[in-house]
Amino acid sequence: MTSRHHSYSSLLDGFLVSLQPIVTSDHEENTFCYGFILPDKMVKICCIGAGYVGGPTMAVIALKCPSLEVAVVDISVARITAWNSDELPIYEPGLDDVVKQCRGKNLFFSTEVEKHVSEADIIFVSVNTPTKTRGLGAGKAADLTYWESAARMIADVSKSDKIVVEKSTVPVKTAEAIEMILTHNSKGINYQILSNPEFLAEGTAIQDLFHPDRVLIGGRDTPEGQKAIQTLKKVYAHWVPEDRIICTNLWSAELSKLAANAFLAQRISSVNAMSALCEATGADVTQVSNAVGKDSRIGPKFLNASVGFGGSCFQKDILNLVYICECNGLPEVASYWKQVIKVNDYQKSRFVNRMVSSMFNTVSGKKIAVLGFAFKKDTGDTRETPAIDVCKGLLGDNAHLSIYDPQVTQEQIQRDLSMEKFDWDHPTHLQPMSSYGVKQVNVVSDAHEATKDAHGLCILTEWDEFKTLDFKRIYDNMQKPAFVFDGRNVVDASKLREIGFIVYSIGKPLDAWLKDMPAVA
């Protein structure tokens, strides 16, 4: 026991020496150059999971630390093939350039999961943690099936001591559970568990990785745990200023990720709640947000009213937070956070109801153009996008949808509209496929084609190109009266009204046509 403990301590010391950055005179950027004082053995990093978090994060680590070997592994042959091709599996500005600079040099994408895990010194785990759809905690608790499977595989194939890093969002105390699995199946091998949650925003993920607000690393308050923290800290220190690398205990790091997403979602739900009041009173939510955001205690970010928040994290993490609060005997706290999601759902249904009631209380048989399907601009990600609920609401009234998004494929849109809630967070081969909505949904490659002969159009993603569309041409080719429902406040409503449109913009004073129409059916 003593010799093994000493061996692991020496291993960590060796890592720390190997990861010492060589400081350059690059004062302008205040970064380190990409060099190392290497030991006899190159430090190897392996990331399990080649998704939105694992792929970009490891690509940037490989770029900033070219003397480290970084392998990204996944059981999905299609996904790994895409990472090794000219058409990456995800769209993210700047990602393509980073991958091409490093791929085949010190960045590798592989389906040989066990081989790379066995050889790695540091293992990042970035697998799905979907919301449970059945059993205890269904609809709220995180399903740790994939995490547990990864931990058992690590224990099974490891032949040397490892640092295992939680990279995907996990419930508080997950590290303790993973630690139990690894230690009870250790075969004499030592593991240190770290929590290193990601704080990336899709659409700006590469810049977020290059210039993070903070890097958070949580570990055990033991000599080995602290050395493991320092090991990972030295990796990030090659380009991240040391004062932006925050070290905490494991539980604080795990909870901080959930708290950050909950606070951001809360701001969106708060301004969306205000948008409903603005419409009822004649106030302008943009003006209200601007006034509120000038308060230095509040700030201007995340105060844009919209049809609702989306993405893979916000709802899932808040539901997880709700479940944790309930399990710890805090029903009032759980109820508070649950309301954030309730307001988000209300905003989406309110938008659909406004559309239907405005168009003579029915959209049955009418063509509705849907501009934008991704949950935000500059990404092709559709996970929990508000567009899904809006489209399903319109389809429920028998509308015919013509959908255009510059980055989302027809296959993805059809799949999203055919799935039940939370199915999206499971591997593709486990996701159900059906023909639901196919006859009523037409996915096109041009905004003008989508709007031709449409009775109304709705904007659900704030793509820049939607601000500069030829709306006079669009108006001329639409059925009359022609309706525009702006769920992102990207168009100039007054100019569209001059053309002849009846316009509804979230949280803005209502068009005269709409004032007597009910906001809720």
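The values are calculated or read from the model by the stated rules, or taken from the named source; none is laboratory data. Computed from a predicted structure; not experimentally measured. Cβ placement follows ideal geometry from the backbone for every residue including glycine, while neighbour counts extend to all protein chains displayed. Note: areas computed on protein heavy atoms with side chains; ligands, DNA, RNA excluded. Shrake-Rupley method; radii C 1.70, N 1.55, O 1.52, S 1.80 Å.
Of the accessible area of the stretch 321-381, with the probe set at 1.4 angstrom, what percent is carbon plus sulfur?
57 percent
Filter the trypsin sites (Lys or Arg not before Pro) in the stretch 104-169 down to the DSSP loop ones having no more than 15 other Cβ atoms within 10 Å, then list what survives.
Of the trypsin sites (Lys or Arg not before Pro), the ones in loops of the stretch 104-169 whose Cβ has at most 15 other Cβ atoms within 10 Å are 105, 134, 159.
In square angstrom, rounded to the nearest 10, how much accessible surface does residue 405 have for a 1.4 Å probe?
Roll a 1.4 Å probe over it and residue 405 shows about 10 Å².
Taking the Cα centre of the stretch 222-299 as the origin, how large is its charge dipole in debye, to the nearest 20, when only Lys and Arg (+1) and Asp and Glu (-1) carry charge on their Cβ atoms?
The dipole magnitude comes to about 260 debye.
Go ahead and run the numbers for FRET between residue 252 and residue 492, Cβ-Cβ distance against an R0 of 51 Å, rounding to 0.05.
E(calc), rounded to 0.05, equals 0.65.
Would you work out the relative contact order for the stretch 171-244, in percent, from Cα pairs under 8 angstrom that are 6 or more residues apart?
Result for the stretch 171-244 is 27 percent.
Note the full-extension length gain between residue 410 and residue 100 as 0.36 nm times their separation in residues minus their Cα-Cα distance, in nm to one decimal.
Contour length minus the Cα-Cα distance gives 108.9 nm.
Under a Cβ-Cβ cut-off of 14 Å, what is the net charge of the residues other than residue 214 that fall near it, where Lys and Arg count +1 and Asp and Glu count -1?
Overall, the nearby charge balance is -2.
Estimate the FRET efficiency between residue 499 and residue 259 by the formula 1/(1 + (r/R0)^6), using the beta-carbon distance for r and 35 Å for R0, to the nearest 0.05.
The formula returns an efficiency of 0.15 here.
Roll a 1.4 Å probe over the protein heavy atoms and report the accessible area of residue 108 in Å², nearest 10.
70 Å²
Using a Förster radius of 35 Å, what is the FRET efficiency between residue 119 and residue 207 based on their Cβ-Cβ separation? Nearest 0.05, please.
0.65
Tell me, what % of the accessible area of the stretch 435-517 is carbon and sulfur with a 1.4 angstrom probe?
Answer for the stretch 435-517: carbon and sulfur cover 46 percent of the accessible area.
Please give the residues of the stretch 395-418, grouped as numeric ranges, whose backbone N is less than 15 Å from a label point set 7 Å along the Cα-to-Cβ vector of residue 439.
395-401
By how many nm would the segment from residue 464 to residue 173 grow when fully extended, if each residue of separation counts as 0.36 nm and the alpha-carbon distance is taken off?
100.6 nm
Which aspartates and glutamates have a Cα less than 15 Å from the Cα of residue 301, not counting those fewer than 8 places away in the same chain?
Residue 301 reaches 213.
At 0.36 nm per residue, and after removing the present C-alpha to C-alpha distance, how many nm does the segment from residue 335 to residue 364 gain when stretched out fully?
6.7 nm
Treating the beta-carbon of each Lys and Arg as +1 and of each Asp and Glu as -1, no other charges, what is the dipole magnitude of the chain about its Cα centre, to the nearest 20 debye?
820 debye
How much accessible area per residue does the chain have, counting only protein heavy atoms and a probe of 1.4 Å, in square angstrom?
Computed with neighbouring chains in place, this is 43 Å² per residue.
Once neighbouring chains are kept in place and the probe is 1.4 Å, which whole percent of the accessible area of the stretch 73-159 is contributed by carbon and sulfur?
It is 48 percent, rounded to a whole number.
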